Amino acid sequence: MDTEPKDYENYVRAKKRVDNIKNFYAHLVIYLLMNILLFAFKGAILNFLKSKGVVDQGFLNWVEWNLIFIPILWGIVLAVTGLYFLKLKPRFFREWEERQIKKYMKE
């Protein structure tokens, strides 16, 4: 009887990890698709703005830089998330996580 709760806890923990990894891969696919579309239509977006009468070069530069930096920042966040969910986190985070688990299990 004593092994059942432990088996269930292990199952819940494993299921959560699998769900996190699955969600990470889905996010990665969305990231790749969105960036392919963004870079494919980057020129079209700028041309559309120019055709609608936007002549402010500062604004056009701002849009162009955002079309570059948003994927970079998104990629950095995605990389950090991937490191965390794929269990490639630094030793400090693993040790902290273990301490927190032990702390909450005592409560």
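Just so it is clear, none of the values below were taken in a lab; they were calculated from the coordinates. Predicted, not measured: the structure shown is a model, and the values here were computed from it. We place every Cβ from the backbone using ideal geometry, glycine too, and count neighbours over all the protein chains shown.
Counting only residues at least eight positions apart within a chain, or on another chain, the lysines with an alpha carbon under 18 Å from that of Lys87 are Lys15, Lys16, Lys22. The charge dipole of the chain, taken about its Cα centre with unit charges on the Cβ of Lys, Arg, Asp and Glu (plus for the first two, minus for the last two), comes to roughly 140 debye. Once the dipole of region 3-106 is set up with Lys and Arg at +1 and Asp and Glu at -1 on Cβ about the Cα centre, which of Leu73, Asn10, Tyr31 lies farthest towards its positive end? Value computed over the given set: Asn10.
Is region 49-107 rounded, prolate or oblate when judged by the Cα gyration tensor, a ≥ b ≥ c being the square roots of its eigenvalues, rounded requiring a/c under 1.5 and prolate requiring a/b larger than b/c? Because a/c hits 1.5 or more and a/b exceeds b/c, region 49-107 counts as prolate.
Which helices, taking whole DSSP H runs in the chain, have alpha carbons extending 18 angstrom or more along the helix axis plus mean Kyte-Doolittle at least 1.0? Flagged H segments are 57-85. A simple charge model with +1 on the Cβ of Lys and Arg, -1 on the Cβ of Asp and Glu and nothing else charged puts the dipole of region 1-60 at about 360 debye relative to its Cα centre.
If the cut-off is a Cα-Cα distance under 12 Å, which aspartates and glutamates reach Lys42, setting aside same-chain residues fewer than 8 apart in sequence? Cross-link targets: Glu64. Debye-formula intensities of the chain, expressed as log10 I(q)/I(0) at q = 0.10, 0.11, 0.13, 0.17 Å⁻¹, are -0.52, -0.59, -0.70, -0.92 (one equal scatterer per alpha-carbon, no solvent). Normalised by the number of residues in the chain, the average gap of Cα pairs under 8 Å and 6 or more apart makes the relative contact order 36 percent.
A DSSP coil position with no more than 13 other Cβ atoms inside 10 Å describes the following chymotrypsin sites (Phe, Trp or Tyr not before Pro) in region 1-50: Phe41.
The trypsin sites (Lys or Arg not before Pro) of region 32-107 meeting both criteria, a DSSP state outside H, G, I, E and B (loop) and at most 11 other C-beta atoms within 10 angstrom of the site's C-beta, are Lys52, Lys87.
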